[in-house]
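I have placed the structure first, in the form of structure tokens, so that the comments after it can refer back to it.
The values are calculated or read from the model by the stated rules, or taken from the named source; none is laboratory data. As the structure is a prediction and not an experimental result, all values here were calculated from the model. All Cβ positions, even for glycine, are placed from backbone atoms using ideal geometry, and neighbour counts span all protein chains on display.
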Amino acid sequence: MMKWSSLKQALRTDAPTSVNEDAGTDSLALSDNHHGGETATPLDMLDMPSPPSPPTGEADRPDAMEGGPDPAVASQHERARDRSLCKALLGSLYDAVLILDEKGNVIGCNPRAEQFFGHTESELWGLSVTRLISGFNTLVLNKIRAHVANGRFTVLSTNGLKADGGTFAAEIAFGAIHYLHPNDLLLTIRNVDRKKKVERKQSLERDAAAYSGTPLLLIQADGAIIYANETATECCSGHRDEPLTSASIDSILADAAPLRAARDRLKSTEDNQWRGEVVVKRGRTSRTYQAVLKRLPPHRDEPATFVLTLEQA
């Protein structure tokens, strides 16, 4: 029967790292991180063969061997399996992932991180996060670690720094992970460049509509006003600072029937525009406008929305 001491020696020989056999610890001492003649990164180490499982036969079960199972070898086998699972999960994520040690240096990443930052995995390995995330320094990092340690969810909006000197808008979520060390920090990074550009364009369009000299309103199929620019507010209520968004367009027209019929027709036909005259009531007076009603492109299951512009007749 093969003795456990011989099996233990064989496992030590095949394992990618050596086991720290100090009393009371089962942590890995990464003193032999060479693989193929080059220094191995953490993800390289995940590709190395895991140590073989102890025999499972009745006669050769570890607990039947002299001295019982070696806790250090069992722990090493479990950690190698965990690292392999971790690598598979990181590779499947849509967002970029960076793992930092307690000094803020990169000790792990996924393919999306290479794509976002323009660095290869070997270039990212050991790089300080201050060279990858704008505004990061020791003070910020310590504050984030304190939040994570207290179980607080933390998200940071900033810019990622690319290898070619460019930047990208990023939203970063932080969490704790025991990767190589108990206090490692997990950064999940989403590139929101396109989202920010769309938001900026929408903001400019809103500003243009708000300060346009043409009265402009957004109304729903039931006539509820959901937006009115300053010019529309003034011509319909007499005051720029008196909101119209709590009113219905039908309530401020002398005859709401034509516009109501136009909304119903545009909802149910391929036509997307109606032109006609409307009379807007303002206190004891009224004013006639040439109105243009257009239906906005439908968005999912939201109710129909229309743009109404008014030109004085």
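Before moving on, here are some points about what is shown:
- The stretch 281-313 - residue that is aliphatic (A, V, I, L, M) and under 20 Å from Ala210 (Cα atoms) and, of those, modelled with the lowest pLDDT: Leu296
Residue-wise test of (1) crowded, with 19+ Cβ neighbours inside 10 Å; (2) touching a residue at least 12 places away in the same chain (Cβ under 8 Å); (3) in contact with a Lys or Arg (Cβ under 6 Å, 6 or more places away or on another chain); (4) in a strand (DSSP E or B).
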{"position": "Ala113", "(1), (2), (3), (4)": "yes, yes, no, no"}
{"position": "Phe136", "(1), (2), (3), (4)": "yes, yes, no, no"}
{"position": "Lys143", "(1), (2), (3), (4)": "no, no, no, no"}
{"position": "Ala146", "(1), (2), (3), (4)": "no, no, no, no"}
{"position": "Gly151", "(1), (2), (3), (4)": "no, no, no, no"}
{"position": "Leu156", "(1), (2), (3), (4)": "no, yes, no, yes"}
{"position": "Gly160", "(1), (2), (3), (4)": "yes, yes, no, yes"}
{"position": "Glu171", "(1), (2), (3), (4)": "no, yes, yes, yes"}
{"position": "Lys195", "(1), (2), (3), (4)": "no, yes, no, no"}
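- Residue match in the stretch 235-249 (condition: surrounded by fewer than 18 Cβ atoms within 10 Å (Cβ to Cβ), aliphatic (A, V, I, L, M) and not in a loop (DSSP other than H, G, I, E, B)): no
- Residues that are in a helix (DSSP H, G or I), touching an Asp or Glu at 6+ places or on another chain (Cβ under 8 Å) and surrounded by fewer than 20 Cβ atoms within 10 Å (Cβ to Cβ), drawn from the stretch 115-130: Glu121
This table checks each residue for (1) hydroxyl-bearing (Ser, Thr, Tyr); (2) at pLDDT 90 or above; (3) within 26 Å of Lys195 (Cβ to Cβ).
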{"position": "Ser134", "(1), (2), (3)": "yes, yes, yes"}
{"position": "Phe153", "(1), (2), (3)": "no, no, yes"}
{"position": "Ala170", "(1), (2), (3)": "no, yes, yes"}
{"position": "Ala173", "(1), (2), (3)": "no, yes, yes"}
{"position": "His181", "(1), (2), (3)": "no, no, no"}
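For every residue, the table says whether it meets (1) within 16 Å of Lys281 (Cα to Cα); (2) of a type in the set (Asp, Glu); (3) surrounded by fewer than 16 Cβ atoms within 10 Å (Cβ to Cβ); (4) free of Cβ contacts under 8 Å to residues at least 12 places away in the same chain.
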{"residue": "Thr188", "(1), (2), (3), (4)": "no, no, no, no"}
{"residue": "Glu205", "(1), (2), (3), (4)": "no, yes, yes, yes"}
{"residue": "Tyr211", "(1), (2), (3), (4)": "no, no, yes, no"}
{"residue": "Ala221", "(1), (2), (3), (4)": "no, no, yes, no"}
